[in-house]
Structures are given as C-alpha cells and as structure tokens.
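Just so it is clear, none of the values below were taken in a lab; they were calculated from the coordinates. Everything quoted here is computed from the prediction, not taken from an experiment. A quick note on method: Cβ atoms are made from the backbone with ideal geometry, for glycine too, and the neighbour counts reach across all protein chains shown.
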Amino acid sequence: MARSTQAVIKLQHLKDNYQLAKIHSQQAYAVVKADAYGHGLIPTAQALVDADGLAVACMDEALQLRHHGIRNPILVLEGGYDEEEWLAAIEYDIEMVLHHQSQLAILIAESHFKKLKLWLKVDSGMNRLGFRLNECHEIFEQCHHAGLNIKVLMSHFACADDLCSEKTLNQYQLIEDIYQQQQEFWPKLILSTSNSAAIMAWPEVRDHISRPGIMLYGSSPLIKTSKHCDKLKPVMILTAKIIASHTVTAGESIGYGDSWVADKTTRVGIVAIGYGDGYPRSAPTGTPVWCQGNRLHTLGRVSMDMLCIDISGKTDIDVGSEVELWGENINANEVAKLCNTISYELFCQLTPRVKRVYK
Ligand SMILES: Cc1ncc(COP(=O)(O)O)c(C=O)c1O
C-alpha cells in the first residue's frame, strides 16, 4: 500500500464558489497567491479560465501564470520591488498595485511606464500597504502629471471578518470619499475594496472589482456565520490512511511526551499524516477527524509523519481505512480554531509531500 496522503481538489466547487463571489460586484479578481492558498497555482488558475482577473502577491507568481499560458488579467498585489519587475509588468501585460512613494519614483522616471495599468492603493486603516489618506490628493496629482494610468483605486479591510466591528464601514466611507473627490480628474477610475468577508457580510460595501480569496476555496473567513456560509462548497478534501492499529490499556500512553494516557482500554489507529505534511502539530487531543461515516478524534501529539486517532468500538475501521482530516465532513475552520489559527494557514502550510489530486 503506497502512502496515499492526499488533498483532493474539487475544481467544480472552486468555480461554483467563484460564481457566488461574483454576485457582489461587476468583476471579481480571484486571489490565487501563495500557490492558490495551497490548492496549486496553475490548476486553480486553469479552472478559473473565465475569471475577470487573477490576483497574486508578487511578480514571480504572476510570471509563473504567464509562463503556463494563463491569459486572464493578472494583478500583483505588492507591485514591483525594483525597476526590472516594473519592466516585466509591461512585457507580460500585468496590472500592478502602486502603494509606496519609492515605487512612484521609479514609474515617474521613465515614460514607458505610462503603459502600465495601475491600481493605486490607499491605506484606509489597515496600516500595512498603501498611501496615507492625507497624501492621496498629492499622489494622484503626481500620477496625473506623469501621465500614469491609474485604473483602480483600491484599499483593504482590516476587520471585515468581524460583523460587530464598525471599522469596515468607516474604512469604506474614507475610501469612497477619496473615490468621489477624484472623479473629476479621473472619470474612468473604478473602486476595489472587498475581500471574501466583505463580499459575504457587508452588502453596504459597493465596489466595481472585488478580490475574493478564501471563499473561493470554500472556507468562510467570518468569525460568526452569515447567510452565504452554507452556500460555500469545500474545495480541498485532505485524507490519509490508517497504516497500523492496536489496543492500549488504562495507564498506557501514546506518542511523544506521553501527553495522552489512556484511562480505559482504547483501540488506536495510526494515520499516515503529520506536521511533515502540514497537518498542524498544535492540534490537541480531541481534534475531529472523519472515517467511514464516523466523527472520531485525535489522541496525543501529532508527530512528523503520523497521528493517532481513537477507533474504539469501530470494528470496521482498520488498516487501509481512509480518514478525512478536513474537507466535506470536517470543517477546516473547526480544526483551525482548535489550533489557534485560521483555515488560510492550514491550507497554505500543506507541504509538497501531500499529493494534490484534481477532480
Ligand atoms: C489585498 C488583498 N486583497 C484580497 C485578499 C483576499 O482576502 P480573503 O482571502 O480574505 O478573501 C487578500 C488576502 O490576503 C489581500 O491581501
């Protein structure tokens, strides 16, 4: 029996989730950075052939897409790191975020950068990337003077996952004000603010181009649920097989550190997945798994290549049985919460050892 630890990627579910995201705005740029959140950059992009655009973090990711024949508009969310990257953006017809004065200095210096389609990023409260609100007017003027082509005004929400936070609408108001002010000078300018959480939970936010990420992969970013959550379809089904089973008696421990000690006779299944595959070592005893219609749970510490589950009383479960770690029956968010993280991180940290099987 070959090691069959795998992540099945359901491409039709990805497409269905994209269609759901499209409800919000006229256009949606699918965020496929970080290897499409661990789902595989190229197969994901190929499945999203009809997407209005694709967004990646950096030029390397954009060039991978172009070198694999992806023709959709591509946006680089961090813009160029140096002049060479800005030149590559012209060569490969890649849209670029402009978020810092150091980038603007490069663009203003050479007239060929007028060809670029730029997304000007304004910091409306995330305090990460983007021009400060009070310098926006001046930046727009500099761009106008240099003949740069600002296609989109964009900003990013810091707390859209929290339905109780007022920050999202505050941020939206700030960016909307700038958008309205600039209409006079940039009549073709369009707006992009929404991530998945805004698409799913903030109908007040109106923009022309949304940028859905995690929702495409079937996972909700919201701290509490919203009406769209149950419409999302899980895309990644992570499974591994039981490779050994045995019974421990009361007082016996399992695995490193003796962190779990049986209080009664317990039948244990050893599953071929561990933190070497990206399954979080922080998953505590009791983290749910699914096997042959049963919701079971982990026992003891996750090791590099294996973890243990309780299969007591399940006589039909044994070596060769397939265990779902997350996917259709176990919500990745549930596992993430027990590990003090988010589904984004679970997906992204799956290692290459896990076979991606596209269906
Ligand atoms: C600028 C920007 N837009 C959109 C997204 C997509 O966010 P989400 O995956 O929460 O939909 C991200 C993700 O980090 C981002 O950095």
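So what's the net charge close to A2: Lys and Arg +1, Asp and Glu -1, counting the other residues with Cβ under 11 Å from its Cβ?
Result for the neighbourhood of A2: +3.
How about K264: which aspartates and glutamates have a C-alpha closer than 20 Å to its C-alpha, ignoring those fewer than 8 places off in the same chain?
E252, D310, D318
Give the aspartates and glutamates whose C-alpha is closer than 15 Å to that of K167, dropping any in the same chain fewer than 8 places away, or say none.
Within the straight-line cut-off, K167 pairs with D123, E176, E204.
How large is ³J(HN,Hα), in whole Hz, for each residue of region 34-41 in order, when computed from phi with the Karplus curve 6.51 cos²θ - 1.76 cosθ + 1.60 and θ = phi - 60°, using x for Gly and Pro?
These are the phi-based 3J(HN,Hα) values: 6, 6, 6, 6, x, 8, x, 4 Hz.
From the square roots a ≥ b ≥ c of the eigenvalues of the alpha-carbon gyration tensor of region 236-358, which class results: rounded (a/c under 1.5), prolate (a/b over b/c), or oblate?
prolate
Does region 11-220 come out rounded, prolate or oblate by the C-alpha gyration tensor, with a ≥ b ≥ c the root eigenvalues, rounded set by a/c under 1.5 and, if not, prolate when a/b is larger than b/c and oblate if not?
It comes out oblate by the Cα gyration axes.
Please tell me which of these pairs span more than 19 angstrom C-alpha to C-alpha: K33/K359; K15/K117; K33/K241; K114/K151; K22/K355?
K33/K359; K15/K117; K33/K241; K22/K355
Quick one: which of 134-147, 154-167 comes out on top by average Cβ neighbours within 10 Å, and what's the full order, highest first?
Taking the mean over residues of other Cβ atoms within 10 Å, the ranking is 154-167, 134-147.
Starting from 0.36 nm per residue, how many nanometres of slack lie between H145 and S253 once their C-alpha separation is accounted for?
31.7 nm
Per residue, what volume in Å³ does the Cα convex hull of the chain take up?
144
With runs of 4+ DSSP H residues as the only contributors, calculate the mean residue ellipticity of the chain at 222 nm using -39,500 (n - 2.57) per run, divided by the residue total and rounded to the nearest 500.
One gets -7500 deg cm²/dmol as the mean residue ellipticity at 222 nm.
Work out, step by step, the length gained on full extension between Q64 and V261: first 0.36 nm times the residue separation, then minus their alpha carbon distance; give nm to one decimal.
Stretched out fully, the Q64 to V261 stretch lengthens by 66.1 nm.
What FRET efficiency would be calculated for the residue pair I223, R295, taking the C-beta separation as r and a Förster radius of 25 Å, to the nearest 0.05?
0.60
Would you mind classifying region 300-359 by shape? Square roots of the alpha carbon gyration tensor eigenvalues, ordered a ≥ b ≥ c; an a/c under 1.5 is rounded, otherwise it is prolate if a/b is larger than b/c and oblate if not.
prolate
Please check: in the Gaussian network model of the chain (C-alpha springs, under 10 Å), which one of G69, G257, G320 has the largest mean-square fluctuation.
Residue with maximal mean-square fluctuation among G69, G257, G320: G257.
Over the chain, with a Gaussian network built from C-alpha contacts below 10 Å, which listed residue (A21, A250, A262) shows the highest mean-square fluctuation?
Comparing A21, A250, A262 in a Gaussian network model of the chain, the most mobile one is A250.
Would you mind calculating the gained length between L169 and H112 on full extension (0.36 nm times residue separation, minus the Cα-Cα distance), in nm to one decimal?
Extra length available between L169 and H112 comes to 16.7 nm.
Over the chain, what is the mean sequence separation of C-alpha contacts under 8 Å (at least six apart), divided by residue count, expressed as relative contact order in percent?
18
Could you work out the relative contact order of region 215-359? I mean the mean sequence separation of Cα pairs under 8 Å and 6+ apart, divided by the number of residues, in percent.
25
Taking the Cβ-Cβ separation of D230 and V357 as r and a Förster radius of 30 Å, what is the calculated FRET efficiency to the nearest 0.05?
0.70
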